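Inspection log for the structure reproduced underneath, given as structure tokens.
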Amino acid sequence: MIAIPARPVIRGIQIGALAVALSACAVSGDVPTSSLPYDTLAPGWESKFSLDWNAASPKDGTTVLSGRIGGRSGHFASALRLLAQSLDSSGNVVGNRIAWVQGGVPGYGAVYFEIDRVKAAESYRVAVWDYTFIEAGARIP
């Protein structure tokens, strides 16, 4: 049996954890995306959340999508992100934007959201991209 010193192993784990944390920070803001093969990372989100939104066109040539997202379960949803998709007249996706819902969504409650700098298009689609439920102090996917 070969003895491996604990110090180098622990150092390697620490460096790996730091690399993961730094890469997560690099994408923590609104994320413009060019092409996505799917419209959510959370299939079935419609049974857990409701969305009501409108589009407005500011003078800079982009669109702002704003509205309310409500929780249909009794769980607090933290780290919730929405995907806004710009669609052409044929329904093809011509632009994507992922944005955080600041503060999360309370269970059985609703909060306001705004997704700015969305590519101007014929129509739009908004979906829950991903989220994490908080229950009794633990994260539940």
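The values are calculated or read from the model by the stated rules, or taken from the named source; none is laboratory data. Quick caveat: nothing in here was measured; it's all calculated off a predicted structure. Ideal geometry is used to build each Cβ from the backbone, glycine not excepted, and the neighbour counts take in all protein chains shown. Surface areas here come from the heavy atoms of the whole protein model, side chains and all, with no ligands, DNA or RNA. Shrake-Rupley method; radii C 1.70, N 1.55, O 1.52, S 1.80 Å.
Suppose we filter the stretch 112-121 for residues that are of a type outside the set (D, E, K, R) and open to solvent by 30 Å² or more (accessible area, probe 1.4 Å); how many remain?
Residues that pass the stated criteria total 3.
Please verify whether TYR124 is more than 30 Å from GLU135 (Cα to Cα), modelled with pLDDT of 95 or more, touching a strand residue (DSSP E or B) at 6+ places or on another chain (Cβ under 7 Å) and open to solvent by 30 Å² or more (accessible area, probe 1.4 Å), treating the condition exactly as stated.
In short, yes.
Among the residues in the stretch 60-71, are any at pLDDT below 95 and surrounded by fewer than 14 Cβ atoms within 10 Å (Cβ to Cβ)?
Checked against the condition, which is being at pLDDT below 95 and surrounded by fewer than 14 Cβ atoms within 10 Å (Cβ to Cβ), the stretch 60-71 yields at least one hit.
Can you tell me which condition SER90 does not meet? The list is (1) in contact with a strand residue (DSSP E or B) (Cβ under 8 Å, 6 or more places away or on another chain); (2) part of a loop (DSSP other than H, G, I, E, B), and all the others hold.
Failed condition: (1).
Among (1) under 16 Å from the mean Cα position of the chain (by Cα); (2) surrounded by fewer than 17 Cβ atoms within 10 Å (Cβ to Cβ); (3) assigned to a strand (DSSP E or B); (4) not aliphatic (A, V, I, L, M), which single condition is ARG97 missing?
(2)
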